[in-house]
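The values are calculated or read from the model by the stated rules, or taken from the named source; none is laboratory data. Keep in mind it's a predicted model, so treat the numbers as computed, not measured. All Cβ positions, glycine included, derive from the backbone under ideal geometry; neighbour counts span all protein chains shown. Only protein heavy atoms, including side chains, enter the accessible area calculation; ligands, DNA and RNA are left aside. Shrake-Rupley method; radii C 1.70, N 1.55, O 1.52, S 1.80 Å.
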Amino acid sequence: VLECCMLVKQHRQVLDEVYRHYSKRVPLPSKTNAKNMSYGAWLSFLEASGASEFGLAQPDFGLAFALGKEMRIDEFRSWRGMEISFGEFVVAVGAAVRLSGDFTPDFFPDRFADFLEEHVVRALRCCGKAAATLANRVATDATTSKLFALVGEVFERADEDQSGFLTQAEFNFAIRQRATEKAFKEHGFSAEDLRVLFKRVDVDGSGTVTLEELLDGLVKMKRSMSGLDRTIAFLRKAFDEADKDRSGSLSKEEFQTMLSSTAVRSKLEQTGISVQDLDDLWAAVDAHDKDSEEGVSPEEMIAGLLALRSDGSQAARGVNFVHQVFKSADEVTGGTGQISRESVEIAFCTDEVGERISKLQLKVPDWLAIFDVIDINGDGMLTWEELGHGIRAMWDTPDK
């Protein structure tokens with residue numbers, strides 16, 4: 001339901017114009033200024049939209065109209081029974097999608113989106129040049145400018161000590177204000193989206209961000225989330241269902257159980273993440289788990305998903321995989337956040353690690369040689385920050 005509501009909101013202007021044009025095009029008898037859509041106008045709309053090509057059988061044109069119509073037993077002296085309001089029209093469009101082809105609840109929003117984006121828009125293009133222009137119109141830069149202005153205003157208010165950066169607590173307090181939350185929602189961002197943004201921007205885990213970092217992160221997030229709104233809503237719901245103990249986080253095992261769902265895998269494939277990438281997905285999600293608490297939160301899951309989609313480079317995936325190996329080795333030795341040369345040899349110098357890195361088409365490091373180079377103070381221990389920095393430098397500049 002949430003995904004479908006998001007779709008209606010996203011396509012509201014197109015739906016409004018289609019409803020208005022076709023209501024005027026085929027009015028009921030004696031109605032010269034029709035405000036409601038007649039049954040004839042509904043049939044005209046379906047023909048123009050190519051609903052039959054979508055899979056809606058001709059006999060079901062009328063059934064979809066009837067399913068959308070609110071029945072009123074006291075309406076028997078007017079033409080109201082042969083008209084639908086805008087709200088009823090939206091329901092009727094949903095009914096048309098439901099009656100088209102095989103029905104699977106998990107994928108209904110995707111079918112609904114396909115019909116809105118292709119067939120409803122096609123019907124609008126049949127309504128004249130101005131309507132066709134609307135159908136092809138895209139968002140302008142003015143929207144982004146207004147969003148930037150809003151972020152700057154919120155940042156300035158929240159930065160009471162004028163330090164030039166915000167802590168997680170300051171940021172969360174600012175976005176919880178009703179007026180602020182409402183303003184961001186008008187731009188398509190929820191409070192949860194903004195918490196994800198903070199985690200993505202805070203790459204060093206310091207717990208603080210600057211205005212420039214927020215604006216840059218917002219642009220990247222907006223680009224990454226293009227076409228992902230419905231998938232993210234679906235994954236939030238899947239996360240909630242997988243969180244059986246209502247702890248607000250998922251362990252690796254719970255996360256992998258969630259990913260075993262056919263519906264979840266199909267949703268991920270729509271974002272460009274294949275079944276073969278699922279191991280990389282957990283690594284990317286875990287890489288955004290900076291609160292030192294066991295498991296990952298919904299915000300960390302979404303941050304990892306967006307990171308994998310926007311920066312799915314082999315080097316980035318390789319670093320995430322090495323991080324997983326490091327964490328496993330650290331847990332074996334007591335979870336101190338450091339591992340010894342011996343631990344590196346045991347955990348990293350294996351065929352499994354070498355094959356995984358080779359599969360990513362990356363050079364397999366000489367782990368012990370890297371250890372000796374990075375261990376500058378000679379204490380025989382490495383942190384993830386040290387090892388991660390070295391590995392990134394090597395894979396980001398492979399020819400050096």
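Numbers at a glance
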| quantity | calculated |
| --- | --- |
| Residue in the range 373-386 that is more than 34 Å from the chain's Cα centre (by Cα) and under 17 Å from Ala283 (Cβ atoms) present | no |
| Filtered residues of the range 356-371 (kept if of a type outside the set (Lys, Arg) and either surrounded by 11 or more Cβ atoms within 10 Å (Cβ to Cβ) or touching an Asp or Glu at 6+ places or on another chain (Cβ under 9 Å) (or both)) | Ile357, Ser358, Leu360, Leu362, Val364, Pro365, Asp366, Trp367, Leu368, Ile370, Phe371 |
| Residue within the range 178-193 that is modelled with pLDDT of 85 or more, on the phi > 0 side of the Ramachandran plot and assigned to a loop (DSSP other than H, G, I, E, B) present | no |
| Candidate set from the range 37-56 (those that are outside any helix (DSSP H, G or I) and in contact with a strand residue (DSSP E or B) (Cβ under 9 Å, 6 or more places away or on another chain)); member that is surrounded by the fewest Cβ atoms within 10 Å (Cβ to Cβ) | Ser38 |
| Gly378 vs. criteria under 28 Å from Glu294 (Cβ atoms), among the small types (Gly, Ala, Ser), open to solvent by 40 Å² or more (accessible area, probe 1.4 Å) and part of a loop (DSSP other than H, G, I, E, B) | no |
| Meets criteria (modelled with pLDDT of 85 or more and among the small types (Gly, Ala, Ser)) for Gly388 | yes |
| Cross-chain or 6+ apart pairs with Cβ under 8 Å, the range 192-207 first and basic (Lys, Arg), then in a loop (DSSP other than H, G, I, E, B) and open to solvent by 20 Å² or more (accessible area, probe 1.4 Å) | Lys199/His288; Lys199/Lys290; Arg200/His288 |
| Residue within the range 47-70 that is in contact with a Leu (Cβ under 8 Å, 6 or more places away or on another chain) and in contact (Cβ under 8 Å) with a residue 60 or more places away in the chain present | no |
| From the options Phe107, Phe89, residue that is modelled with pLDDT of 90 or more and either under 29 Å from the mean Cα position of the chain (by Cα) or in a loop (DSSP other than H, G, I, E, B) (or both) | Phe89 |
| Residue satisfying all of: in the range 177-198; more than 21 Å from the chain's Cα centre (by Cα) and either more than 22 Å from Val219 (Cβ to Cβ) or of a type in the set (A, V, I, L, M, F, W, C) (or both); most open to solvent (accessible area, probe 1.4 Å) among these | Arg178 |
| The range 240-293, residues that are assigned to a loop (DSSP other than H, G, I, E, B) and at pLDDT below 75 | Thr271, Gly272, Ile273, Ser274, His288, Asp289, Lys290, Asp291, Ser292, Glu293 |
| Qualifying residue in the range 381-392 (condition: part of a loop (DSSP other than H, G, I, E, B) and more than 12 Å from Val322 (Cα to Cα)) | no |
| Search result, residues across the range 127-176 that are closer than 30 Å to Ala48 by Cβ, open to solvent by 70 Å² or more (accessible area, probe 1.4 Å) and either assigned to a helix (DSSP H, G or I) or modelled with pLDDT of 85 or more (or both) | Lys129, Ala130, Thr133, Asn136 |
| Filtered residue count, the range 203-219, keeping only those that are over 19 Å from the mean Cα position of the chain (by Cα) and either of a type in the set (Val, Ile, Thr) or within 17 Å of Val285 (Cβ to Cβ) (or both) | 5 |
| Selected residue (criterion: nearest to Phe165 (Cα to Cα)) from residues of the range 217-238 that are open to solvent by 40 Å² or more (accessible area, probe 1.4 Å) and at pLDDT 80 or above | Arg236 |
